[in-house]
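Below: one structure, written as structure tokens.
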Amino acid sequence: MTSDDLERIRIATILTRRFLSQADWVIDTCPPPDPETRSATKPLYRDPNSPFEVHVFSWLPQNSGVHSHSSWSIVAFLGDETTGRELNYFWTRFDDGLQPDYAVVKPISKQILEPGDIIGFTSDAIHNIKSIYAENEPNLDNPKPTLMFNIFGDRNPSKRYIFNPFKNSVANY
């Protein structure tokens, strides 16, 4: 067992890739997105003795707010060439964090993630995401969703934040 988030993410990424290569059934557990929220999540596992969680998630094209997860996490993208993609924008915080409702965050990079990709986040990572159509999506009226397999470590709700970069504000969520 390791207490280092980066080492934990490295190990979890290897194990997740191995697991998903042998578990074709996982994609079939992804719930269809709700028509109103355009997303859905389904827990697959919760450790009764720790806050370790595994979920599958699906969503149709839309944006998330700029947020942190408050724990290390792994996101693996499921599907094929017709499944939705995810555009991640990575942010950094420039203020000292001493004012409770104030935060200055700025985007520093972006990356499109596709089925087969796995990304890890440290507990202080800040990002926002945009679910996007597959490059060659044949049916824009009824597109296939972006499908994900998510692992979350020890979440700390008091440090899970939503940021508003236009108002330089931050709040728990």
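The values are calculated or read from the model by the stated rules, or taken from the named source; none is laboratory data. Predicted model only: the values in this text are computed from it and were never measured. Note: ideal-geometry Cβ built from the backbone for every residue, glycine included; neighbour counts use all protein chains shown. To get the accessible areas, we keep the full protein, side chains included, count just its heavy atoms, and leave off ligands, DNA and RNA. Shrake-Rupley method; radii C 1.70, N 1.55, O 1.52, S 1.80 Å.
Points worth noting:
- Among the candidates R46, R38, residue that is open to solvent by 80 Å² or more (accessible area, probe 1.4 Å) and in contact with a Leu (Cβ under 8 Å, 6 or more places away or on another chain): R38
- Filtered residues of segment 1-59 (kept if β-branched (V, I, T) and part of a loop (DSSP other than H, G, I, E, B)): T2, T37
- Residue check for K144: surrounded by 13 or more Cβ atoms within 10 Å (Cβ to Cβ) and among the charged types (D, E, K, R): yes
- Residue check for S70: surrounded by 14 or more Cβ atoms within 10 Å (Cβ to Cβ), hydroxyl-bearing (S, T, Y), in contact (Cβ under 8 Å) with a residue 24 or more places away in the chain and under 17 Å from M148 (Cα atoms): no
- Test: residue in segment 153-162 that is buried (at least 18 other Cβ atoms within 10 Å of the Cβ) and within 15 Å of E81 (Cα to Cα): no
- Y161 of a type in the set (S, T, Y), under 25 Å from I9 (Cβ atoms) and touching a Lys or Arg at 6+ places or on another chain (Cβ under 6 Å): no
- Options K106, K110: the member that is open to solvent by 90 Å² or more (accessible area, probe 1.4 Å), part of a strand (DSSP E or B), among the basic types (K, R) and free of Cβ contacts under 8 Å to residues at least 24 places away in the same chain: K110
Table: residues versus (1) at pLDDT 90 or above; (2) open to solvent by less than 40 Å² (accessible area, probe 1.4 Å); (3) among the aromatic types (F, W, Y); (4) closer than 21 Å to P145 by Cβ.
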residue: L60; (1), (2), (3), (4): yes, yes, no, yes
residue: S64; (1), (2), (3), (4): yes, yes, no, yes
residue: V75; (1), (2), (3), (4): yes, yes, no, yes
residue: L78; (1), (2), (3), (4): yes, yes, no, yes
residue: T92; (1), (2), (3), (4): yes, no, no, no
residue: L98; (1), (2), (3), (4): yes, no, no, no
residue: E114; (1), (2), (3), (4): yes, no, no, yes
residue: D117; (1), (2), (3), (4): yes, no, no, yes
residue: G120; (1), (2), (3), (4): yes, yes, no, no
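- Residue within segment 128-141 that is of a type in the set (G, A, S) and closer than 25 Å to S21 by Cβ present: yes
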